[in-house]
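Here the structure is laid out as C-alpha coordinates; the discussion comes afterwards.
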Amino acid sequence: MTELNKADVCPCGTNNSYSTCCEPFVSGSKRPATPEQLMRSRYTAYFTGGQGAYLLKTWFPVTASGVTAEELSQRTLQWQGLDVVSSSQDGDSGQVEFVARYQDAEGKPGQLHEKSVFQRVAGRWFYVGGEVSNQEGKPAPVGRNEPCPCGSNRKYKHCCGK
(Lines give C-alpha, C1' and ligand atoms only; values in the text may rest on other atoms or scores of the structure.)
Protein backbone atom coordinates (compact mmCIF):
# COMPACT_ATOMS: atom_id res chain seq x y z
CA MET A 1 0.00 0.00 0.00
CA THR A 2 1.29 3.43 -0.94
CA GLU A 3 0.67 6.10 1.68
CA LEU A 4 -0.21 9.56 0.42
CA ASN A 5 -0.04 12.70 2.52
CA LYS A 6 -2.83 15.22 2.02
CA ALA A 7 -0.30 17.74 0.63
CA ASP A 8 1.07 15.29 -1.97
CA VAL A 9 0.14 15.79 -5.61
CA CYS A 10 -2.76 13.50 -6.41
CA PRO A 11 -1.68 10.53 -8.55
CA CYS A 12 -4.74 10.90 -10.82
CA GLY A 13 -2.97 13.45 -13.01
CA THR A 14 -4.80 16.69 -12.15
CA ASN A 15 -1.75 18.22 -10.40
CA ASN A 16 -4.03 19.17 -7.49
CA SER A 17 -3.19 18.16 -3.94
CA TYR A 18 -4.49 14.77 -2.83
CA SER A 19 -6.55 16.47 -0.09
CA THR A 20 -8.48 18.63 -2.57
CA CYS A 21 -8.71 16.06 -5.34
CA CYS A 22 -9.37 12.34 -4.76
CA GLU A 23 -8.88 11.94 -1.00
CA PRO A 24 -12.40 13.16 -0.10
CA PHE A 25 -13.88 10.56 -2.47
CA VAL A 26 -11.67 7.65 -1.41
CA SER A 27 -12.21 8.47 2.29
CA GLY A 28 -15.98 8.65 1.77
CA SER A 29 -16.41 12.23 2.96
CA LYS A 30 -17.58 13.35 -0.48
CA ARG A 31 -19.12 11.71 -3.59
CA PRO A 32 -17.79 12.25 -7.11
CA ALA A 33 -20.04 14.62 -9.07
CA THR A 34 -18.94 13.44 -12.53
CA PRO A 35 -17.87 10.19 -14.19
CA GLU A 36 -14.37 11.61 -14.64
CA GLN A 37 -14.04 12.37 -10.92
CA LEU A 38 -15.13 8.82 -10.14
CA MET A 39 -12.70 7.32 -12.65
CA ARG A 40 -9.81 9.42 -11.33
CA SER A 41 -10.62 8.48 -7.72
CA ARG A 42 -10.80 4.79 -8.67
CA TYR A 43 -7.38 5.08 -10.34
CA THR A 44 -6.05 6.67 -7.14
CA ALA A 45 -7.52 3.80 -5.11
CA TYR A 46 -5.75 1.27 -7.36
CA PHE A 47 -2.55 3.38 -7.19
CA THR A 48 -2.44 3.38 -3.40
CA GLY A 49 -3.66 -0.20 -2.97
CA GLY A 50 -5.63 -1.43 0.00
CA GLN A 51 -8.71 0.50 -1.12
CA GLY A 52 -10.80 -2.48 -2.21
CA ALA A 53 -13.82 -1.38 -0.17
CA TYR A 54 -13.96 1.94 -2.06
CA LEU A 55 -13.49 0.24 -5.43
CA LEU A 56 -16.28 -2.22 -4.67
CA LYS A 57 -18.60 0.52 -3.35
CA THR A 58 -18.19 2.49 -6.60
CA TRP A 59 -18.64 -0.50 -8.93
CA PHE A 60 -22.13 -1.09 -10.35
CA PRO A 61 -23.42 -4.00 -8.25
CA VAL A 62 -24.48 -6.26 -11.14
CA THR A 63 -21.10 -6.11 -12.90
CA ALA A 64 -19.18 -6.42 -9.61
CA SER A 65 -20.92 -9.61 -8.49
CA GLY A 66 -18.46 -12.13 -7.11
CA VAL A 67 -15.68 -9.58 -6.61
CA THR A 68 -14.48 -9.03 -3.05
CA ALA A 69 -12.90 -5.98 -1.46
CA GLU A 70 -9.95 -8.16 -0.44
CA GLU A 71 -9.29 -9.14 -4.07
CA LEU A 72 -9.48 -5.52 -5.17
CA SER A 73 -7.09 -4.48 -2.37
CA GLN A 74 -4.33 -6.77 -3.63
CA ARG A 75 -1.83 -4.74 -5.59
CA THR A 76 -0.17 -6.67 -8.41
CA LEU A 77 0.61 -3.69 -10.64
CA GLN A 78 2.51 -0.54 -9.78
CA TRP A 79 0.58 2.28 -11.42
CA GLN A 80 2.81 4.92 -13.01
CA GLY A 81 0.47 7.57 -14.44
CA LEU A 82 -2.92 8.42 -15.87
CA ASP A 83 -3.97 10.35 -18.97
CA VAL A 84 -7.64 11.09 -19.60
CA VAL A 85 -8.26 11.06 -23.35
CA SER A 86 -11.90 12.13 -23.26
CA SER A 87 -14.81 12.44 -20.87
CA SER A 88 -18.51 12.89 -21.55
CA GLN A 89 -21.77 12.85 -19.67
CA ASP A 90 -25.35 12.67 -20.95
CA GLY A 91 -27.87 12.74 -18.12
CA ASP A 92 -27.31 9.68 -15.94
CA SER A 93 -24.79 8.04 -18.32
CA GLY A 94 -21.15 8.85 -18.80
CA GLN A 95 -18.00 7.66 -20.53
CA VAL A 96 -14.34 8.25 -19.82
CA GLU A 97 -11.54 7.11 -22.11
CA PHE A 98 -8.16 6.90 -20.43
CA VAL A 99 -4.69 5.42 -20.62
CA ALA A 100 -3.13 4.22 -17.36
CA ARG A 101 0.54 3.25 -17.35
CA TYR A 102 1.88 0.57 -15.03
CA GLN A 103 4.77 -1.72 -14.21
CA ASP A 104 4.04 -5.38 -13.52
CA ALA A 105 5.55 -7.53 -10.76
CA GLU A 106 8.47 -8.45 -13.04
CA GLY A 107 9.24 -4.79 -13.79
CA LYS A 108 7.78 -4.91 -17.30
CA PRO A 109 6.02 -1.67 -18.33
CA GLY A 110 2.55 -1.69 -19.81
CA GLN A 111 -0.54 0.36 -20.25
CA LEU A 112 -4.27 -0.04 -19.90
CA HIS A 113 -6.31 1.86 -22.52
CA GLU A 114 -9.98 1.72 -21.62
CA LYS A 115 -13.26 3.34 -22.60
CA SER A 116 -15.16 3.14 -19.32
CA VAL A 117 -18.92 3.35 -18.91
CA PHE A 118 -20.55 4.95 -15.86
CA GLN A 119 -24.14 5.11 -14.63
CA ARG A 120 -25.70 7.45 -12.09
CA VAL A 121 -28.29 5.86 -9.80
CA ALA A 122 -30.08 7.90 -7.13
CA GLY A 123 -27.55 10.71 -7.57
CA ARG A 124 -24.50 8.46 -7.20
CA TRP A 125 -22.06 7.50 -9.98
CA PHE A 126 -20.98 3.88 -10.49
CA TYR A 127 -18.38 2.25 -12.73
CA VAL A 128 -20.24 -0.23 -14.96
CA GLY A 129 -17.41 -1.62 -17.07
CA GLY A 130 -15.32 -0.79 -20.08
CA GLU A 131 -13.77 -1.82 -23.33
CA VAL A 132 -10.06 -2.40 -23.02
CA SER A 133 -8.03 -1.54 -26.13
CA ASN A 134 -4.45 -2.01 -27.18
CA GLN A 135 -2.16 0.85 -28.22
CA GLU A 136 -3.70 1.04 -31.69
CA GLY A 137 -7.19 1.54 -30.23
CA LYS A 138 -8.40 -1.92 -31.23
CA PRO A 139 -9.95 -4.26 -28.67
CA ALA A 140 -7.13 -5.99 -26.85
CA PRO A 141 -7.05 -9.76 -27.22
CA VAL A 142 -7.71 -10.90 -23.66
CA GLY A 143 -8.41 -14.59 -23.22
CA ARG A 144 -11.29 -15.45 -20.93
CA ASN A 145 -8.98 -17.33 -18.53
CA GLU A 146 -6.27 -14.64 -18.50
CA PRO A 147 -5.94 -12.09 -15.68
CA CYS A 148 -8.27 -9.15 -16.15
CA PRO A 149 -6.37 -6.07 -17.35
CA CYS A 150 -8.24 -3.87 -14.86
CA GLY A 151 -5.94 -5.15 -12.11
CA SER A 152 -8.57 -6.96 -10.03
CA ASN A 153 -6.54 -10.22 -9.84
CA ARG A 154 -9.53 -12.13 -11.21
CA LYS A 155 -9.86 -14.00 -14.47
CA TYR A 156 -11.20 -11.84 -17.29
CA LYS A 157 -14.32 -14.03 -17.64
CA HIS A 158 -15.24 -13.42 -13.97
CA CYS A 159 -14.55 -9.68 -14.09
CA CYS A 160 -14.79 -7.21 -16.97
CA GLY A 161 -15.49 -9.99 -19.49
CA LYS A 162 -19.02 -10.55 -18.15
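The values are calculated or read from the model by the stated rules, or taken from the named source; none is laboratory data. Predicted model only: the values in this text are computed from it and were never measured. All Cβ positions, even for glycine, are placed from backbone atoms using ideal geometry, and neighbour counts span all protein chains on display. What goes into the accessible areas is simple: the full protein's heavy atoms, side chains included, and nothing from ligands, DNA or RNA. Shrake-Rupley method; radii C 1.70, N 1.55, O 1.52, S 1.80 Å.
Under 8 Å for C-alpha pairs, at least 6 residues apart: give me the relative contact order for region 1-100, rounded to a whole percent. Don't skip to the answer; put the middle values down first.
Values: 147 pairs, mean separation 23.6, N = 100.
After rounding, I find 24 percent.
Leaving out ligands and nucleic acids, and using a 1.4 Å probe, what accessible area per residue does the chain come to in Å²?
Ligands and nucleic acids excluded, the result is 52 Å² per residue.
The list (1) 27, 17, 15; (2) 21, 19, 16; (3) 36, 18, 14 gives values of semi-axes √(5λ) of the Cα gyration tensor in Å, and only one came from this structure; which label was calculated from it?
Read-out from the structure maps to (2).
With springs only between Cα atoms under 10 Å, which of Ser87, Ser65, Ser41 fluctuates most in a Gaussian network model of the chain?
The residue that fluctuates most here is Ser65.
Leaving out ligands, DNA and RNA, what percent of the accessible area of region 1-62 is carbon and sulfur, probe 1.4 Å?
Carbon and sulfur atoms account for 52 percent of the accessible area of region 1-62.
Once you've got the GNM for the chain with C-alpha springs shorter than 10 Å, pick whichever of Gly94, Gly49, Gly28 has the biggest mean-square fluctuation.
Maximum fluctuation in the GNM of the chain, among the listed residues, is at Gly28.
Can you classify region 1-56 as rounded, prolate or oblate using the Cα gyration tensor, where a ≥ b ≥ c are the square roots of its eigenvalues, rounded means a/c under 1.5, and otherwise it's prolate if a/b beats b/c and oblate if not? Each step should come with its number before you reach the end.
Numbers: a/c = 1.44, a/b = 1.05, b/c = 1.37.
The shape class here is rounded.
Out of Pro32, Pro11, Tyr43, whose Cα points farthest toward the positive end of the dipole of region 1-45 (charges: +1 Lys, Arg; -1 Asp, Glu; placed on Cβ)?
Of the options given, the answer is Pro32.
Most fluctuating residue of Thr20, Thr76, Thr44 in a GNM of the chain with Cα springs under 10 Å: which is it?
Thr20
Below 12 angstrom from the Cβ of Leu82, what's the summed charge of the other residues (Lys, Arg +1; Asp, Glu -1)?
On the way: positive: Arg40, Arg42, Arg101; negative: Glu36, Asp83, Glu97, Glu114.
Value of the local net charge: -1.
Please give every one of the aspartates and glutamates within straight-line cross-link reach of Lys157, meaning a C-alpha to C-alpha distance under 12 Å, and leave out same-chain neighbours fewer than 8 residues apart.
Output for Lys157: Glu146.
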